[in-house]
Amino acid sequence: MSQHDMSIANQGFPAFRADLNDAFPALASNNSGATEPSTMFAHQWWVDTSATPNLLKQRNADNNAWITVGSLDQAADTFKVEVAQGGTGSATALAARAALGLVIGTNVQANLVSGTNIKTVNSTSLLGSGDIVVGLSDGDKGDITVSGSGATFTIDNTVVTDAKLNLSANASNIKTALNATGSAPIYACRAWVNFNGTGTVAIRASGNVSSITDNGAGNYTVNFTTALSSSYTAVVTLQRENTSANFANVYGSYHTDTFSSSAFQIRSMFINNAASGYTDSPNVSLAIFN
Amino acid sequence: MKRIIYQDDEGGVAIIVPADCGLTIEEIAAKDVPAGKPYSIVDVADIPTDRTFRNAWEMT
């Protein structure tokens, strides 16, 4: 490591030779030293050994500042290119991307603007593992893919509304979340209720049900909070007999012939070898698919 | 607990049992009582629990 003012004074030969022997090592070592050379020139190289890792710098054309070109890791014997991270404009980002040797894939925007389209990017292969933060604005479009075991995708401080969340019908990940296997599509229950139809008629639990109407013995109407998209539905019902004495009866459900998207009428029936009719049930369950 | 009662088309009594759905009893009445039918909101204690002759109930 050495530095020299790169000026050979008018002097005798021994001193002249000694001056040259000081200047050449300075040139050969890129003026390395813990402080900048005493005399500086435009475009001059300097290895700043005061920093760890050492920094390779080049004097700017105006000869009034140093430009850091990269870092020299003397322990690992590696060199890393210094990338301007705070610049703006596609040219800066493209130059930085090219300097890092990033591979442009199909999902990478062609003209990334540092600080605008990309807030922070840390890559496992380049900068070590960590978060990847992508700043997007309403109206931005594109794919965001999170891969790798244990990786999570978080939308920070943002309520994901229907307008911002697009899921394809029959999406396989939705099936996985619902423990559904195979390729058959899944359909959701749109309303359900469990109620006691005897004594003080009362609803035990429900979903999308505003009320039940007790029309009479074994005759109930389930009213939906939000109407269904169609009056033609598939209904699953179950009733339990109202007394142990009726254990031999067959119970079933029955609805009126009038279909409605806002309500469903159900009747609890008993049938045995002696009689049949409507009867209250202490446990009526109903689920509607639509 | 409240119930909504109204006279059905056969002269009997229909009793609406509200669900815990976020609507008020008045909102449920406006939505689930057939249009044009007068109704009353009563306490659940006013509804008989003996349903032996349920189909013979009348409004008084």
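The values are calculated or read from the model by the stated rules, or taken from the named source; none is laboratory data. Just so we're clear, the structure is a prediction, and the values are computed from it rather than from any experiment. Here Cβ is always computed from backbone atoms with ideal geometry, including for glycine, and neighbour counts include all displayed protein chains. These area figures cover heavy atoms from the full protein model, side chains too; ligands, DNA and RNA do not enter into them. Shrake-Rupley method; radii C 1.70, N 1.55, O 1.52, S 1.80 Å.
Sort A:V235, B:V44, A:V81, A:V193 by accessible area with a 1.4 Å probe, largest first. Can you show the working numbers first?
On the way: A:V235 50, B:V44 25, A:V81 70, A:V193 5 Å².
Ranked list, largest accessible area first: A:V81, A:V235, B:V44, A:V193.
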* Asked: Any idea of A:W192's accessible area? Nearest 10 Å², probe 1.4 Å.
  -> 110
* Could you let me know the centre-to-centre spacing of chain B and the stretch A:176-244, using Cα atoms, in angstrom? => 19
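Please find the FRET efficiency linking A:A202 to A:T176, where r is the Cβ-Cβ separation and R0 is fixed at 41 Å, and quote it to the nearest 0.05.
Numbers: r = 37 Å, r/R0 = 0.91.
For A:A202 and A:T176, the calculated efficiency is 0.65.
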* Asked: Tell me, what is the 1.4 Å probe accessible area of A:L27, in Å² to the nearest 10?
  -> 100
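Give me a single rounded figure for A:203-214: the average over its residues of other chain Cβ atoms within 10 Å of their Cβ. Display every interim value, and only then the final one.
On the way: counts 5, 0, 2, 3, 2, 2, 4, 11, 15, 6, 10, 11.
Shielding by partners across A:203-214 averages 6.
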* Mind telling me which of B:D43, B:D20, B:D32 comes out most flexible in a GNM of chain B, alpha-carbon contacts under 10 Å? => B:D20
* To do: Heads up, I need the accessible area for B:D46: 1.4 angstrom probe, whole protein in place, Å², nearest 10.
  => 110
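Per residue of B:26-38, what is the mean number of Cβ atoms on other protein chains within 10 angstrom of that residue's Cβ?
Values: counts 0, 1, 4, 1, 0, 8, 10, 3, 1, 0, 0, 0, 0.
Going residue by residue through B:26-38 and averaging, the value is 2.
Just to make sure I understand: if all protein chains stay in place, what is the order of A:K175, A:K80 by accessible area at 1.4 Å, largest first? Write down the numbers at each step before the final one.
Values: A:K175 15, A:K80 130 Å².
The most accessible residue leads, giving A:K80, A:K175.
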* Amide hydrogen neighbours beyond the local backbone of A:T233, cut-off 5 Å, H modeled -> none
* What nm distance separates the two modelled labels at A:L167 and A:A188, each placed 7 Å from Cα along Cα→Cβ? -> 0.7
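With a/c under 1.5 counting as rounded, go ahead and sort chain B into rounded, prolate or oblate using the C-alpha gyration tensor (a ≥ b ≥ c being the square roots of the eigenvalues; past the cut-off, prolate if a/b is larger than b/c, else oblate). Can you show the working numbers first?
Numbers: a/c = 2.28, a/b = 1.33, b/c = 1.71.
In terms of gyration-tensor shape, oblate.
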* Structure fact -> Amide H contacts under 5 Å for B:R51, restricted to residues at least 5 apart in sequence or on another chain and with H modeled in the peptide plane, are A:G199
